[in-house]
Every structure is written in structure tokens, then in C-alpha cells.
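S.K.: Structure in C-alpha cells, see below.
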Amino acid sequence: MSYFDQTTETLDREQLAALQLEKLQTMMSELWGRNRFYTAKWKAAGAAPGDIRSLDDLARLPLTTKGELMADQAQDGPFGTNLTYPVESYVRLHQTSGTTGVPLKVLDTAESWDWWGRCWAHVLAGSGVTAADRVFLAFAFGPFIGFWAAMEGARKLGAMMIPGGGRDSAQRLELMRDTGATVLCCTPTYALRLAEVARETGFDMNSITLKSTVHAGEPGANIPATKQRIESAWSAKCFDHAGASEIGAHSFECEVQPGGTHIIESEFIAEVLDPDTGSPVAAGQRGELVITNLGRWGFPLIRYRTGDLVELNLEPCTCGRGFMRFEGGILGRADDMVTVRGVNVFPAGVENIIRKFAEVDEFRITVSRVRHMDEMDVEVELCEGADSGVIHSIAERLDTLLSFRPRVHHVSHNALPRFDMKARRFHVNRPQL
Ligand SMILES: [Zn+2]
């Protein structure tokens with residue numbers, strides 16, 4: 001079993017809680033009076049660093065939302081007031097992908113960036129990466145944080161990092177082959193896209209000897225049918241990981257692959273709350289992930305509402321880590337669910353059905369309203385030579401899942417968009433209810 005920091009990773013729950021409390025108290029003292037955003041927020045809530053004497057006291061602090069951070073940057077641009085140090089202390093700028101609006105800018109000091117690297121070292125070591133590995137990053141190295149921090153994680157482990165920016169899919173495959181890459185980091189969608197390009201161009205996938213793929217940027221590696229498809233396309237183990245530009249890389253799948261991801265509890269405090277009432281939900285119950293990062297003092301987030309739905313699992317993992325798990329990874333987003341004809345439809349559930357059909361290369365779902373009636377159209381691209389009879393089978397399986405029959409269309413090859421970051425396959429074109 002490979003660890004990044006075995007001593008910390010194998011602490012028991014009590015020791016972990018003590019470590020988290022100590023880090024939280026130290027961070028709050030550092031922020032108080034320096035970080036304008038949090039000092040003002042805590043003062044308004046009547047809270048001060050000395051009030052936090054146990055982890056239970058965390059609930060006395062106000063929640064933080066992405067909307068607040070966006071409004072703060074809009075008002076006090078370009079970087080906002082969630083900065084603990086003078087702007088000269090910061091060494092890196094990144095921003096969110098901006099798929100849902102104006103990107104949020106995030107700044108890191110050298111210390112905060114080192115913290116990002118530590119988190120990613122947990123992620124990579126958790127999947128079995130060692131100094132002997134060559135980690136290929138199939139990523140366009142732009143301002144989106146994406147896999148920038150994975151590079152730092154690989155460096156901490158002593159692995160070789162191979163940047164794959166500035167080239168197309170065919171060139172990336174060749175570079176992976178020529179450099180003997182053993183680990184691929186990319187979105188789940190893009191791992192499948194690379195395999196598709198290999199098939200179309202006659203590239204020999206056996207010429208790349210990967211042992212694992214590590215994913216970020218979007219869900220998928222936790223959707224069983226998608227995970228299985230990536231593993232069979234690459235003859236490698238596929239590992240899930242989750243994080244976000246504003247909060248950090250917070251959870252990872254270990255080598256045991258227990259059906260969920262460990263939270264890096266030495267660097268984060270995770271709470272799972274009922275999104276409507278704000279009360280904590282019990283382990284095994286679904287709720288919204290509210291997370292506090294403990295090591296990014298330059299751009300901290302305390303009790304940040306992620307909008308991600310998770311279920312905690314406190315059972316020990318056979319990998320030996322004391323870090324608790326998100327059962328099934330990130331299960332979806334609170335704002336993801338779409339109600340169609342009275343049925344709650346989760347995009348991940350639909351993807352899990354469609355990806356089970358090996359003939360499907362790409363798909364897109366559109367929900368619309370026609371004469372006061374919800375319609376769901378599923379466009380499906382099949383790989384060349386596939387029997388189009390599969391379209392009928394997909395419609396039947398979706399009918400069983402959803403209790404209504406969506407319209408499933410066979411579209412021509414390459415009719416649908418391809419993505420290398422943040423795939424968008426689910427569209428809603430109807431007035432809000
Ligand atoms: Zn484990």
C-alpha cells in the first residue's frame with residue numbers, strides 16, 4: 001500500500017479531530033484582522049477565533065457561498081477581499097472554469113501552493129503512484145486550475161511529470177507511448193475520447209503501458225459503468241478524485257477501491273448538512289458537502305457550501321487510512337436534479353445506464369417542453385459498425401429507470417461535441433417551474 005504521509009493518514013478519529021481543531025484554531029488566529037473577508041463575516045456573526053474550543057463550535061461560524069465570493073470580487077476587483085496577505089505575497093493566479101458564469105479568481109501564496117501540492121500527493125499516492133511512475137497530464141495548461149496542482153503532487157512523490165498541453169489527441173497518444181507513461185491524469189470524458197481517437201486512427205493502445213488513470217474536473221470515475229469502460233479501454237485501474245479551484249483537492253480513491261473516496265482529513269474538515277435546514281445529517285444519509293480547508297491561508301474557505309451531494313461512511317477501510325469516505329464519491333449536485341414529468345432525474349444515473357452499452361461513443365440529453373408536456377430527448381452516437389438496434393434497448397433501459405420513455409435518436413458519427421474538460425451532456429431548455 002502506498003501512502004504520502006502514513007503517520008497522518010493512519011491516525012484514529014480522535015487524533016484526527018485533535019489535529020483538525022489545532023489547525024483550525026491556528027488558521028483563525030492568522031486570519032483574524034488580516035483577512036478582510038472573514039474578519040468582517042465573523043464580526044457580523046458575533047464570532048471570534050477564541051470561540052472555537054472544540055470542533056462542535058465550528059457550527060457557530062457562518063457558512064460561505066460561491067455567490068458571496070463572486071459578489072466580493074465584483075465589488076472589490078479583481079481579486080476581492082478574501083486575501084490574508086498583501087497581494088505582493090501571492091505567486092499564482094488561477095480561475096474556475098467559468099462554465100456557470102463569470103470565473104472566480106483564486107490566488108495562492110507559495111505556502112498555499114505547497115499545500116495544494118501536498119493534497120495532490122495524497123491523491124496520487126493513494127492511487128499507488130510512486131517515484132518510479134511517469135505521470136502524463138492530458139490537459140491544456142491555461143488559467144483553469146485543473147491539473148496544475150497534480151504536477152506539484154507528482155513532484156513531491158518524485159514521479160516524472162509529462163505535460164500534455166498544446167497538442168491534439170493523436171499527438172498526446174504518441175507522446176504517452178514514446179515517453180513510457182504509466183499514469184494518465186485527465187477528465188473521465190477525455191480518457192474515453194483518447195481511446196476513441198486511438199480506435200479511429202488505428203493507434204495501438206497496447207503500445208501504452210498504463211497502470212492507472214486518475215481523474216478530476218467532473219464526475220464519471222465514480223459512475224460504475226463509466227469507470228468500467230475507462231478501465232477496459234486502457235487496461236488500467238481508474239481512480240476517482242474530487243476537488244475545486246476555490247477549495248482545493250479534497251478527496252481521493254485509494255488502491256483498495258472501496259466504492260468511495262477518502263477525504264484528506266488532515267487538510268480539510270468535511271461536514272454534511274441538510275441543504276434546506278442546515279442541520280448535520282447522520283453518516284449514510286445524503287446531504288450537502290460543506291468543507292473547510294486548513295492549509296490554504298492565503299485564500300481560505302471556512303464552511304464553504306460546495307453544492308455537492310455526498311454520504312459519509314465512517315467504517316474503517318482496509319487500506320489502513322483513518323480518513324472517512326464519501327460513499328460512491330460525489331453523488332451529484334444539489335442543483336443537478338431535473339424533474340421531468342414528476343420524476344426526479346439525476347444526470348449521473350442516466351449516464352450509468354447509457355455507458356453500459358459498449359456501442360455508444362457519445363450522447364447528449366435535452367429536456368424541453370412541448371405543448372405543456374415535458375420531453376426528454378437522448379441523442380446517441382454509436383461507434384462505427386455498431387448495430388443500430390441498440391437504440392431501442394437504450395430506450396427500454398431508460399424507461400425502466402425513469403418510469404417514462406425518453407425519445408432516443410441515433411445521430412451520425414461526430415455529430416455531438418467532444419470535451420476535454422467539464423463535459424456538458426445534459427441540457428434543460430424549458431421555462432423554470
Ligand atoms: Zn482506503
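The values are calculated or read from the model by the stated rules, or taken from the named source; none is laboratory data. Nothing here was measured: the structure is a model prediction, and the numbers come from that model. FYI the Cβ positions are ideal-geometry reconstructions off the backbone, even for glycines, and counts take in every protein chain you see. When the accessible area is computed, the model is the full protein with side chains, heavy atoms only, and any ligands, DNA or RNA have been set aside. Shrake-Rupley method; radii C 1.70, N 1.55, O 1.52, S 1.80 Å.
S.K.: Once ligands and nucleic acids are excluded and a 1.4 Å probe is used, how much of residue 14 is accessible, expressed in Å² to the nearest 10?
M.R.: That residue has around 150 Å² of solvent-accessible surface.
S.K.: Suppose every K and R has +1 on its Cβ and every D and E has -1 on its Cβ; what is the size of the dipole of the range 4-54 about the Cα centre, in Debye to the nearest 20?
M.R.: Computed about the Cα centre, the dipole is about 480 debye.
S.K.: How much accessible area per residue does the chain have, counting only protein heavy atoms and a probe of 1.4 Å, in square angstrom?
M.R.: With the other protein chains kept in place, the chain gives 42 Å² per residue.
S.K.: Then there is this: Given a 1.4 Å probe and heavy atoms of the protein chains only, how would you sort 90, 3, largest accessible area at the top?
M.R.: 3, 90
S.K.: Which percent, nearest 5, of DSSP beta bridges in the range 102-261 are antiparallel?
M.R.: So the antiparallel bridges amount to about 20 percent of the total.
S.K.: Could you compute how much accessible surface residue 235 exposes when probed at 1.4 Å, giving the result in Å² to the nearest 10?
M.R.: 90 Å²
S.K.: Using unit Cβ charges (K, R positive; D, E negative) and no other charged atoms, how large, in debye to the nearest 20, is the dipole of the chain about its Cα centre?
M.R.: It works out to roughly 560 debye.
S.K.: Mind computing the radius of gyration and Dmax over the alpha-carbon atoms of the range 1-158? Å is fine for both.
M.R.: Taking only Cα atoms of the range 1-158, I get Rg and Dmax of 17.9, 52 Å.
S.K.: Suppose accessible area is computed on protein heavy atoms with a 1.4 Å probe; arrange 427, 122 from highest to lowest.
M.R.: If we order 427, 122 from most to least accessible, we get 427, 122.
S.K.: Counting pairwise Cα distances across the range 68-139, what percent come out greater than 21 angstrom?
M.R.: 44 percent
S.K.: A further question follows. Provide, as a two-decimal number, the C-alpha radius of gyration of the chain over 2.2 N^0.38 Å, N being how many residues it has.
M.R.: 1.00
S.K.: I've got another one for you. Work out the length of the dipole vector of the range 300-433 about its Cα centre, built from +1 on the beta-carbon of each Lys and Arg and -1 on the beta-carbon of each Asp and Glu, and round it to the nearest 20 debye.
M.R.: Once rounded to the nearest 20, the dipole reads 560 debye.
S.K.: Of the cross-linked pairs 211/356; 66/422; 23/237; 105/227; 66/211, which ones have a Cα-Cα span greater than 29 Å in the structure shown?
M.R.: 23/237; 105/227; 66/211
S.K.: Could you tell me how many degrees, from 0 to 90 and to the nearest 10, lie between the Cα long axis of helix 224-234 and the main elongation axis, the longest principal axis, of the Cα atoms of the chain?
M.R.: Helix 224-234 and the main axis of the chain meet at about 70 degrees.
S.K.: If you filter the range 301-398 for chymotrypsin sites (Phe, Trp or Tyr not before Pro), then keep DSSP loop positions with at most 10 other Cβ within 10 Å, what is left?
M.R.: Here no chymotrypsin sites (Phe, Trp or Tyr not before Pro) fit, given the DSSP loop and packing criteria.
S.K.: Further question: At what distance in angstrom do the alpha carbon centres of the range 17-38 and the range 365-422 lie from each other?
M.R.: The two parts, judged by their Cα centres, are 49 Å apart.
S.K.: If you don't mind, there's one more thing I want to ask. What whole number of Å gives the distance from the Cα centroid of the range 134-206 to the Cα centroid of the range 65-127?
M.R.: 24 Å
S.K.: Pairs of Cα atoms under 8 Å, at least six residues apart: use those to get the relative contact order of the range 90-175, whole percent.
M.R.: The normalised contact order for the range 90-175 reaches 29 percent.
S.K.: Once the dipole of the chain is set up with Lys and Arg at +1 and Asp and Glu at -1 on Cβ about the Cα centre, which of 55, 96, 270 lies farthest towards its positive end?
M.R.: Ranked along the dipole, the leading option is 96.
S.K.: Could you tell me what percent of the DSSP beta bridges with both partners in the chain are antiparallel, to the nearest 5?
M.R.: Bridges in the chain that DSSP calls antiparallel: roughly 65 percent.
S.K.: Counting pairs of alpha carbon atoms under 8 Å apart in space and at least six apart in sequence, what relative contact order in percent does the chain give?
M.R.: It comes to 14 percent, rounded to a whole number.
S.K.: Would you mind calculating the relative contact order of the range 339-433 from Cα pairs under 8 angstrom and at least 6 residues apart, reporting the percent as a whole number?
M.R.: 32 percent
S.K.: What percent of all Cα-Cα pairs in the range 202-254 falls into each 10 Å bin, going from 0 up to the bin containing the maximum distance?
M.R.: Reading upward from the zero bin: 24, 45, 24, 6, 0.
S.K.: Could you check how much of the accessible area of the chain is carbon and sulfur, as a whole percent, using a 1.4 Å probe?
M.R.: Roughly 50 percent, rounded to a whole number.
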